[in-house]
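What follows draws every value from the coordinates through simple rules; no lab data is involved. No experiment lies behind these values; they were computed from the predicted model shown. Virtual Cβ from ideal backbone geometry, glycine too; neighbours counted across all protein chains shown.
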Amino acid sequence: MKNARDLILACAIVETILAVPFIGAGVIISLAYIPLVAALVLHIISLIQCINEKLPKYGNITGLVTSVVGMVPLLGFIMHVTSAAMLWIIYNKIKDKQTTIDITPK
């Protein structure tokens, strides 16, 4: 579970940075939209890991859509904020879950 949790955290941080109105747009435009491609790849890897570990997938699916439509100025901002919020909610839900199974008799 730690790998998927760390990937969700990385996705949440990236989406949060890209959601800052002028900073995110400046980074995306100045680097010729490469950050959107990098975010797309990160969301794909995170989604695969979440599927393998049976964790919520909706944050990464939203992130995939965001990476595709992120080049549209206002829509991209709204989608980055939405994706970041979803990913932070998922991360906070799973960060304290127990990662080992307790098999001791009670």
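Can you pull the Rg over Rh of the chain, Cα-only, Kirkwood?
Ratio of gyration radius to Kirkwood radius for the chain: 1.08.
Between Ile45 and Asp6, how many nm apart are label points set 7 Å from Cα along the C-beta direction?
Distance between label points: 1.1 nm.
For n ≥ 4 DSSP H runs only, could you compute -39500 (n - 2.57) per run for the chain, divide by its residues and tell me the 222 nm figure to the nearest 500?
Helices in the chain give a 222 nm mean residue ellipticity of -25500 deg cm²/dmol.
Across the chain, how many lysine pairs, 8 or more positions apart or on different chains, have C-alpha atoms separated by under 19 Å? Please give the number.
Qualifying lysine pairs in the chain: 11.
For region 1-54, what's the radius of gyration and Dmax over Cα atoms, in angstrom?
12.4, 37
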